[in-house]
1. How far apart, in nm, are the 7 Å Cα→Cβ label points at Glu236 and Gln154?
2. What order, most packed first, do the peptides 132-139, 58-65, 228-235 have when packing is the mean number of other Cβ atoms within 10 Å of each residue?
3. Gly122's amide H: which non-local residues (gap 5+, or another chain) put their own amide H closer than 5 Å, with H modeled 1.01 Å from N in plane and none for Pro or chain starts?
4. Hey, what number do you get for the chain at 222 nm if only DSSP H runs of n ≥ 4 count, each worth -39500 (n - 2.57), divided across all residues, to the nearest 500?
5. Please report the antiparallel percentage of DSSP beta bridges with both residues in the chain, rounded to the nearest 5.
6. Send over the Kirkwood Rh of segment 165-239, from the inverse of the averaged 1/r over different Cα pairs, rounded to one decimal Å.
7. From the C-alpha coordinates alone, can you work out the Kirkwood hydrodynamic radius of the chain, in Å?
8. What list of ³J(HN,Hα) values in whole Hz, one per residue of segment 221-229 in order, does the Karplus curve 6.51 cos²θ - 1.76 cosθ + 1.60 (θ = phi - 60°) give from phi, with Gly and Pro shown as x?
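Bear in mind that the values in this text are calculations on the coordinates, not laboratory data. Predicted model only: the values in this text are computed from it and were never measured. Cβ sites come from the backbone with ideal geometry, for glycine too, and all protein chains shown count toward neighbours.
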Amino acid sequence: MGRKWANIVAKKTAKDANNSKIYAKFGIEIYAAAKSGEPDPHANQKLRFVIERAKTYNVPKHIIDRAIEKAKGSGDETFQELRYEGFGPNGSMVIVDALTNNVNRTASDVRAAFGKNGGNMGVSGAVAYMFDHTALFGFAGEDADEILEYLMDQDIDVRDIVEEDGQIIVYGEPEDFNAIQEALKAKGITEFSVAEMQMIPQNEITLTGEDLEKFEKMIDVLDELEDVQQIYHNVELDD
């Protein structure tokens with residue numbers, strides 16, 4: 001799973017370079033999560049999860065607080081969570097998660113991003129079965145065996161734990177996300193380089209030349225869409 005981890009870090013690093021866009025997307029996601037239940041992360045698991053993710057992207061506290069206050073107050077926008085699946089060049093597969101207040105606009109924009117860049121949008125379920133829904137954590141450390149033993153003592157089973165580039169990477173079951181995070185925090189681990197729910201491809205492919213250029217352009221166009229929150233794919237990219 002090392003390459004998959006490298007791809008996720010590369011994507012995250014690229015996103016970190018465009019803070020204003022990331023902050024805006026997290027603002028919407030936090031607002032929508034707060035509106036979907038109690039605007040209190042202690043009582044709203046979904047909101048707590050989004051806030052924890054936002055912290056790994058260094059989203060400032062005032063942006064988080066502003067989104068929650070908007071949800072408490074006069075904000076009346078309604079957002080829907082949508083998932084689009086499609087194909088890129090030469091066997092590449094892409095999943096796009098969006099959060100939108102205008103379904104028609106988002107569907108049209110995502111379809112165009114695929115179609116104008118060598119891909120095509122598929123039906124629901126077209127590629128998701130080739131990905132594993134996974135709780136993923138990364139943090140500084142050097143002893144994966146110790147972390148594995150500790151989590152087992154907490155009655156938490158994980159799919160895999162690896163050490164790479166001074167990081168310990170934990171792959172867990174999605175339903176155990178909160179349990180894993182709380183257990184790690186109880187052990188004194190409070191800084192996460194990644195704390196995500198990921199769709200990890202079961203197999204990766206390599207693209208070259210024009211196929212790779214088209215694929216990277218397609219991903220860039222999708223990522224620029226204001227309604228798109230997450231993009232997953234099965235292409236092995238350089239760090």
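1. 3.3 nm
2. Details: 132-139: 19.6, 58-65: 13.8, 228-235: 21.4.
Final packing ranking: 228-235, 132-139, 58-65.
3. Glu85, Gly86, Phe87
4. Numbers: 8 runs with 105 residues, N = 239.
The helix-only estimate for the chain comes to -14000 deg cm²/dmol at 222 nm.
5. Antiparallel bridges make up about 95 percent of those DSSP assigns within the chain.
6. Details: mean 1/r = 0.0655 Å⁻¹.
After inverting the pairwise mean of 1/r, the radius is 15.3 Å.
7. Result for the chain, one decimal place: 18.8 Å.
8. Per-residue couplings from phi come out as 5, 4, 5, 6, 5, 5, 7, 7, 9 Hz.
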